[in-house]
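*Asks:* The structure's right below; bear with me while I get my questions together.
The values are calculated or read from the model by the stated rules, or taken from the named source; none is laboratory data. Only a predicted model underlies this, so the values are computations on that prediction, with no experimental measurement involved. With ideal geometry, Cβ positions are generated from the backbone for all residues, glycine too; neighbour counts draw on all protein chains shown. When the accessible area is computed, the model is the full protein with side chains, heavy atoms only, and any ligands, DNA or RNA have been set aside. Shrake-Rupley method; radii C 1.70, N 1.55, O 1.52, S 1.80 Å.
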Amino acid sequence: MLTQAENERLTSTGAGTAVGELLRRYWYPLAAASELAHHPTKLVKILGEELVLFRDGQGNLGLIGAYCAHRRAQLVYGIPEADGLRCPYHGWKYDRAGHCVEQPFEETVRPGNTFKDNIQLPAYVAEELGGLIFAYIGPKPVPLLPRWDLLVEQNVWREIGHAVTACNWLQTTENILDPVHVEWLHGEFRTYAAQKTGKGERGRKRIRHLKIAFDLADYGIIKRRMLEGETEESDDWKIGHWLVFPSTQKGPDMLRFRVPVDDTHTAQWYYSVHPVDGTDQQKADEIPLYEMPSPVLDEHGQPQLDLLNSDVDPQDNAIFVSQQTVFDRTQEHLGESDRGIVMYRHLLDHQIKLIQEGKDPMNVFRDPGANVCLELPTESREKFLTGRLGARARYSRRYRSILKVPA
Amino acid sequence: MLTQAENERLTSTGAGTAVGELLRRYWYPLAAASELAHHPTKLVKILGEELVLFRDGQGNLGLIGAYCAHRRAQLVYGIPEADGLRCPYHGWKYDRAGHCVEQPFEETVRPGNTFKDNIQLPAYVAEELGGLIFAYIGPKPVPLLPRWDLLVEQNVWREIGHAVTACNWLQTTENILDPVHVEWLHGEFRTYAAQKTGKGERGRKRIRHLKIAFDLADYGIIKRRMLEGETEESDDWKIGHWLVFPSTQKGPDMLRFRVPVDDTHTAQWYYSVHPVDGTDQQKADEIPLYEMPSPVLDEHGQPQLDLLNSDVDPQDNAIFVSQQTVFDRTQEHLGESDRGIVMYRHLLDHQIKLIQEGKDPMNVFRDPGANVCLELPTESREKFLTGRLGARARYSRRYRSILKVPA
Amino acid sequence: MLTQAENERLTSTGAGTAVGELLRRYWYPLAAASELAHHPTKLVKILGEELVLFRDGQGNLGLIGAYCAHRRAQLVYGIPEADGLRCPYHGWKYDRAGHCVEQPFEETVRPGNTFKDNIQLPAYVAEELGGLIFAYIGPKPVPLLPRWDLLVEQNVWREIGHAVTACNWLQTTENILDPVHVEWLHGEFRTYAAQKTGKGERGRKRIRHLKIAFDLADYGIIKRRMLEGETEESDDWKIGHWLVFPSTQKGPDMLRFRVPVDDTHTAQWYYSVHPVDGTDQQKADEIPLYEMPSPVLDEHGQPQLDLLNSDVDPQDNAIFVSQQTVFDRTQEHLGESDRGIVMYRHLLDHQIKLIQEGKDPMNVFRDPGANVCLELPTESREKFLTGRLGARARYSRRYRSILKVPA
């Protein structure tokens, strides 16, 4: 149980806040490459800052302040040119560094004037990796974009999912440190929802957790579980699963990125891979993009079980939203099942201290040689992959037409 | 005309407020039995408190705090078991008294620990009567659920309507004490709306009110009217109609319950009966449930007359909403037509004084022998019933399939 | 760049504010005549005041406070009678001067009482001209409704468009003083949007502005532009275009009225004419009324280009909304292109001083002889009219059936 002040400290992500400054040391996905192929600009919000992401005519990515310095038109309506983004309202042009490089009418009537030299928008770096576009908005020098294993894996077929839930980032992240909910939410409740909706075959036997453990490791926290029938030699215990600091989950076939949009919204990107023989390579723009449901109650105050009777992510999202916008931790009662969450809160504090001492926190990489492929070992993924090729994209309300499942 | 402070006093229903404490002495409908047959949990809000209503595996009703004490998942996603409701997130189980009776993982790793003994959610009583589920959230001892006549009448066929209007409870209740509006809103305006929409046959001749009167009676206030052409022997004057304290209306064939959700929302339950020969008895779960319209202006600022050209309830609801969220009584100008409203406000004050003196207010029943059937006499209902069997359920957007009209 | 206080001063339109008092000296369109033909009442909001506009049984226009003085029912549900508007709730009747002239039940039980004599609603004047209904809510004596040329032109066929954008009035008005945006938003961006949506034929060649100028004139500000290829003898320079003070734009075939609804909403009325031979005269009620789109970003943060690839008004509206509800002028950077805007802000200040000195500001007309037809010269409109008869009404989601294009 936290005090109100402690809860506010952990959940505030604005510039200048303790957690906000820590979270600014990391790269986050903001878009799928396929989105910019559809339209070359996108309004994005990250850690409370409104920005426009764009791809210029040469294919370079830009990420600058969302509003033109002239008369505050939103640059998401901007026209990409070879070397920048032009405001649609009066044609001011910005380069990827946020410099104003052209003011057509100003230059017509006062050739050689220096007005534009004083115009500077916020500008950050954006990079594409594995079909996702990542951004870094923190202090310089800019660290390397981490090349987590699935992002750079060869001979796989990829799918990208997306959701925005109307809640604070922390409750979505604490869920990653919580092995026991899998037994209940993704076992008992899933089976209940499946049976109530006549899809009993989607049920999943609940298997009791006998013990759990958490270890601090290079890339974050490894959570371990021993289920009934397992031993300390089982993958669940011996290998475990990763919380990749600060807010990413690694599963056998999926990375789940939790991205703080602002203090009351969290974006999630679901990045999954399926091994294939590699003869039908996807281009980044062709990776299917789907929207993952975030179920809410129906208009009569009752659950939408038909969205909750199968995949784990809609189940998690329904719970996140049900905890209310900012989960009131002054009312929580943590127990043995929550030791991972307690460890995570301590880890947050420790990392905050590191940056206050001027040091790099965990997972800030600056050596390209060590960033070729950051391995996050998990159990064998054979059991996760059978027959699932393309399965997730059934959620897609977008880009379904570009879904190309290799034969 | 009230002062701002007086208006706030009469319209504030939170715990600890004068009116809020008075209103907590009563039972209110929160759901139709058919809703819990459809799904056994429902998120409800009453007098500002968020609760989850559920039916356990033995068929008992429970009403407990909406959020699990562990990590604040909403218990509307809970799984009913024989003896309680299990949180979907980590399996904590609560009984109907709000006690935490199981914490599976805590008990696995620390058998015999007493953690759960300190976990207690708010818990209240809920009872079903006549196909409605009522709740009481006030101080103990819990009074009896009043058995108003229509709720327990035999040989009738029932329909249940529901609406939520985005306004304070008091303006919906003052309407019950207001005989004259029937002449205008349900007469002149109804006819106008019917004519404007080409449904002139739905019009109803306006009959002038000659006098009105109000009497304090056992169960609330009896309002009387004498229309042009009537005498003091007419039912309208001699028998009159009930405001059943605090906020229920009794008509010949209908009880209308006004339920304070919070200070800015009021739920209404329309409970109507039609005498039938009784050979085709409805089960509680089979009573048709329909949504009653609460018309608002269209996108161009004009009335939706097609929702206003017939039944009285959508007409009332349109006016309630038009009075704005909390009707500004500092701007009202009451006259002779409003003597019932003035009497009602005095009655509220008087009942508040009673509870402040430690006494039971009006309509708090504790003697089962006197609560077999609480008779609320009205005029003969023959004229109200012709051809109306099942008529209201035409509004239903739900459960239409279970509408079974006896032949 | 303004201070926060300066920006608030220019954008606040409530009663008693400097700009609000100035803006109250003018007539504004509130409805199309066809709307009251469809239904004789309409809820309107102007400069923050909620009013009900109605046409009584004799065809006269009324504009009175939106709420009945009795129990605050909204009078938009009122029933028009020969000599006023009757409240639907209890039949109180108001005349067009806002006097309460009937309280049926009060008069029944206390004949001859004077209760109604003290009941007075706000009441203003409304007049129809050219198919639009205008209102004046400022101090008396009421000035004349200006007869701008297009409103009274003979032998034309008319169309009326309407939009409400969720932004402050000033950013929509400053756009009128901004010649250069036409080159970019309605040229370069339009062409870009047309090409991106496969409608390249809708593109329009961008022609460079060589110089711009602004002149204070009788009715407001004349803006002039010289485009590449033009001379000082070209219409664009010699005749120019009008900002009709305070917030109307005159184009060759269109008046665009910007109407402050409240500080965060602006209504726009697009009044266009097409010369015809006059044998098929429209009645005011038959003028087609259409909704003009105000495009916002789609759910994925990207522009709706299919609404932006042709007409100028949706392009303007998208930009207005993108500048945010109240454009933050503490972040603007004005240049040579914005000299008209600076002149307009000075003009606002000057007119505020005039009314503070007790004088009439610009465009307040009191001499009927001088108000027969207020000419606002523009360039020849031949090039604007080819093939456009009825074109705008394609936006109509209303009244399409009454669209009668002369052969």
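*Asks:* Given chain B, what percent of its DSSP beta bridges are antiparallel, to the nearest 5? Please list the in-between numbers first.
*Replies:* Working: 68 of 72 bridges.
So the antiparallel bridges in chain B amount to around 95 percent.
*Asks:* Tell me whether segment C:231-306 comes out rounded, prolate or oblate; compute the Cα gyration tensor, take square roots of the eigenvalues as a ≥ b ≥ c, and use a/c under 1.5 as the rounded threshold.
*Replies:* Values: a/c = 1.72, a/b = 1.24, b/c = 1.39.
Note, shape of segment C:231-306 comes out oblate.
*Asks:* Within the P(r) computed for the protein assembly as shown, what percentage of the Cα pairs occupies the region above 65 Å? Don't skip to the answer; put the middle values down first.
*Replies:* Details: 115548 of 744810 pairs.
In whole percent, the long-distance tail amounts to 16.
*Asks:* If you don't mind, another one. Which whole-angstrom value gives the distance between the alpha carbon centres of segment B:277-327 and segment C:315-386?
*Replies:* 46 Å
*Asks:* I've got another one for you. Can you tell me the dipole magnitude for segment A:12-147 around its Cα centre, using point charges on the Cβ only (Lys, Arg +1; Asp, Glu -1), in Debye to the nearest 20?
*Replies:* Values: 14 positive and 14 negative charges, 52 e Å.
Using only the charged Cβ atoms, the result is roughly 240 debye.
*Asks:* Follow-up. What is the spin-label model distance, in nm, from A:Phe365 to B:His300 if the labels are put 7 Å beyond Cα along the C-beta direction?
*Replies:* 6.1 nm
*Asks:* Can you give the average number of partner chain beta-carbon atoms within 10 Å of each beta-carbon in peptide B:320-326, as a whole number? Walk me through the numbers before you get to the answer.
*Replies:* Values: counts 1, 1, 12, 7, 5, 0, 0.
Whole-number average of other-chain Cβ neighbours for B:320-326 is 4.
*Asks:* What pairs from A:Lys353/B:Lys116; A:Lys211/B:Lys42; C:Lys140/C:Lys353 go past 24 Å between their alpha carbons?
*Replies:* Values: A:Lys353/B:Lys116 35 Å; A:Lys211/B:Lys42 34 Å; C:Lys140/C:Lys353 18 Å.
Pairs exceeding the cut-off: A:Lys353/B:Lys116; A:Lys211/B:Lys42.
*Asks:* Between segment B:193-241 and segment A:86-156, how many Å separate their Cα centres?
*Replies:* 72 Å
*Asks:* For a distance above 38 Å, tell me the whole-number percent of Cα pairs in chain B that qualify.
*Replies:* Working: 19180 of 82621 pairs.
I get 23 percent for the Cα pairs in chain B exceeding 38 Å.
*Asks:* Next question, about the same structure. Within a 10 angstrom radius of each residue's Cβ in A:100-112, how many Cβ atoms of other chains show up on average? Whole number is fine. Walk me through the intermediate numbers first.
*Replies:* On the way: counts 1, 0, 0, 4, 8, 14, 5, 1, 9, 8, 2, 0, 0.
Other-chain Cβ atoms within 10 Å of each residue's Cβ, averaged: 4.
*Asks:* Return one whole number: the accessible area per residue of the protein assembly as shown in Å², for a 1.4 Å probe.
*Replies:* Working: 45320 Å² over 1221 residues.
The answer is 37 Å² per residue.
*Asks:* To the nearest 20 debye, what charge dipole does segment B:1-48 have about its Cα centre, counting +1 at the Cβ of each Lys and Arg and -1 at the Cβ of each Asp and Glu? Walk me through the intermediate numbers first.
*Replies:* Details: 5 positive and 4 negative charges, 29 e Å.
The calculation lands at about 140 debye.
*Asks:* Related question: In segment A:274-330, if the dipole is taken from +1 on Lys/Arg beta carbons and -1 on Asp/Glu beta carbons about the Cα centre, which of A:Phe320, A:Leu307, A:Pro293 is farthest to the positive end?
*Replies:* Towards the positive end, the residue furthest out is A:Phe320.
*Asks:* Taking each label point as 7 Å beyond Cα in the direction of the beta carbon, state the distances from B:His38 to the same residue in the other copies, shortest first, in nm.
*Replies:* 3.3, 3.3
*Asks:* Next up: Compute the label-point distances linking A:Lys283 to its equivalents in the other copies; points lie 7 Å from Cα along Cα→Cβ; give nm, one decimal, shortest first.
*Replies:* 6.0, 6.0
*Asks:* Can you give the average number of partner chain beta-carbon atoms within 10 Å of each beta-carbon in peptide C:63-76, as a whole number?
*Replies:* Values: counts 0, 0, 1, 3, 7, 6, 3, 7, 17, 11, 10, 8, 1, 5.
Taking all residues of C:63-76 together, the mean is 6.
*Asks:* Determine, from the Cβ-Cβ distance of B:Met1 and B:Asp149 and an R0 of 30 Å, the FRET efficiency 1/(1 + (r/R0)^6), rounded to the nearest 0.05. Each step should come with its number before you reach the end.
*Replies:* Details: r = 37 Å, r/R0 = 1.25.
That pair, B:Met1 with B:Asp149, gives E of 0.20.
*Asks:* On to the next question. State the Cα centre-to-centre distance between segment B:167-186 and segment C:16-36 in whole Å.
*Replies:* Taking the Cα centre of each part, segment B:167-186 and segment C:16-36 sit 34 Å apart.
*Asks:* Taking a ≥ b ≥ c as the square roots of the eigenvalues of the Cα gyration tensor of segment C:174-290, is the shape rounded (a/c under 1.5), prolate (a/b larger than b/c) or oblate? Intermediate results must be reported in sequence, preceding the final value.
*Replies:* Numbers: a/c = 1.42, a/b = 1.18, b/c = 1.20.
It is rounded, given that a/c, with a ≥ b ≥ c, falls under 1.5.
*Asks:* With springs connecting C-alpha atoms under 10 Å apart, model chain A as a Gaussian network and identify which of A:Thr248, A:Thr330, A:Thr165 has the largest mean-square fluctuation.
*Replies:* Checking each option, the largest mean-square fluctuation is seen for A:Thr330.
*Asks:* Using a 1.4 Å probe on the protein heavy atoms, what percent of the accessible area of chain B belongs to carbon and sulfur? Before the final figure, lay out each step's value.
*Replies:* On the way: 7530 of 15100 Å².
Exposed carbon and sulfur together represent 50 percent of the surface.
*Asks:* So which lysines can B:Lys205 reach, going by Cα to Cα under 24 Å and dropping same-chain residues fewer than 8 places off?
*Replies:* Reachable lysines: B:Lys196, B:Lys223, B:Lys238, B:Lys250, B:Lys383, C:Lys93.
*Asks:* I've got another one for you. Mind checking the angle between helix C:312-322 and chain C's longest principal axis? C-alpha axes, 0 to 90 degrees, to the nearest 10.
*Replies:* So the inclination is approximately 80 degrees.
*Asks:* Sticking with this one: At a 1.4 Å probe, which residues in segment C:32-58 are at least 50 Å² less accessible with all protein chains present than in their chain isolated?
*Replies:* The answer is C:His39.
*Asks:* To the nearest 100 Å², how much accessible surface do chains A and C hide from each other in total, with a 1.4 Å probe?
*Replies:* Working: alone 18480 and 18470 Å², together 33570 Å².
Approximately 3400 Å², summed over both chains.
*Asks:* In debye, nearest 20: dipole of chain C around its Cα centre with unit charges on the Cβ of K, R (+) and D, E (-)? Each step should come with its number before you reach the end.
*Replies:* Details: 48 positive and 57 negative charges, 106 e Å.
So the dipole magnitude of chain C works out to roughly 500 debye.
*Asks:* Which GluC sites (Glu not before Pro) in segment A:243-314 sit in a loop by DSSP (not H, G, I, E or B) and have at most 13 other Cβ atoms within 10 Å of their own Cβ? All intermediate terms of the calculation are to be shown ahead of the outcome.
*Replies:* On the way: sites: A:Glu286, A:Glu291, A:Glu299; in loops: A:Glu299.
Those satisfying the criteria are A:Glu299.
*Asks:* If you plug each phi of segment C:192-198 into the Karplus form 6.51 cos²θ - 1.76 cosθ + 1.60 with θ = phi - 60°, what whole-Hz ³J(HN,Hα) values come out, in order, with x for Gly and Pro?
*Replies:* Residue by residue, segment C:192-198 yields 4, 5, 5, 5, 5, 9, x Hz.
*Asks:* Tell me which cysteines of chain B come out unpaired when the rule is another cysteine's Cβ under 4.7 Å.
*Replies:* B:Cys100, B:Cys167, B:Cys373
*Asks:* Oh, and also: Applying the Karplus parametrisation 6.51 cos²θ - 1.76 cosθ + 1.60 with θ = phi - 60° to the phi angles of segment B:343-353, what ³J(HN,Hα) value in whole Hz is obtained for each residue in order, glycine and proline being reported as x?
*Replies:* For segment B:343-353, the Karplus-derived couplings read 4, 5, 5, 5, 5, 4, 4, 5, 5, 4, 4 Hz, x marking Gly and Pro.
*Asks:* Across segment A:360-375, in residue order, what do the Karplus-derived ³J(HN,Hα) couplings come to in whole Hz, using 6.51 cos²θ - 1.76 cosθ + 1.60 with θ = phi - 60° and x for Gly and Pro?
*Replies:* 6, x, 3, 6, 9, 10, 10, 9, x, x, 8, 10, 6, 7, 8, 7
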